[in-house]
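Heads up, the thing below is written out as structure tokens.
The values are calculated or read from the model by the stated rules, or taken from the named source; none is laboratory data. Here the structure is a predicted model, which is why all the values come from computation and not from measurement. Backbone-built Cβ (ideal geometry, glycine too); neighbour counts: all protein chains shown.
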Amino acid sequence: MSTVATLVISVSSLVSFFVGWFVAKYVGQSKVAHAEKTAQKIIRDSNKEAETIKKEKILEAKDEWLKLKQNIDNEAKQKRNELSKLENKLNSRELNLDRRHDLLTKREKEVQDLDSRIKIREEKVDNLEVKLEKLIDEQNSQLEKISGISNEEAKRILMHNLLEKAKQEAARE
């Protein structure tokens, strides 16, 4: 083997080595670049999917929140309606009690007025009875003096007058 051949073999080995090394480097870099692109795509896809899932979960949470809010609002409205009905009922009862109180006060005043009028009439009747008794006594005395009738006769007239008086009293009661 000659030196030229050795040199050619050495140079060709060296060129092959460098070509192989460049090819390996290029292929390695291209695989790394491809792997990086793939990794970036996977990361982008994952981020998009995560963002989509996040938006879906936010929407679900908002829907749930709206449902809960609506339920709470409905319950509050129902409670307000019940309270309003109870308040109206209480107002009605209070109004009825006020009317009853006014009616009882009016009746009490009427009873007091009637009682007062009855007392006044009783006093008048008592005064009239006293006057009537005086008149009867005076009449009996005058009859005895004028008539000169006997005591028995006067008693009979007196009895008759007393019976009339009793009838009058019985008629009043």
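Candidates L97, L114, L104: the one that is assigned to a helix (DSSP H, G or I) and over 37 Å from the mean Cα position of the chain (by Cα) is L114. When I146 is tested against (1) touching a helix residue (DSSP H, G or I) at 6+ places or on another chain (Cβ under 9 Å); (2) at pLDDT below 85; (3) β-branched (V, I, T), just one condition goes unmet, and that condition is (1). Pairing residues of segment 1-25 that are of a type outside the set (K, R) with residues that are loosely packed, with under 10 Cβ neighbours inside 10 Å, at Cβ distances under 9 Å and at least 6 apart in sequence or on separate chains, gives I9/M1.
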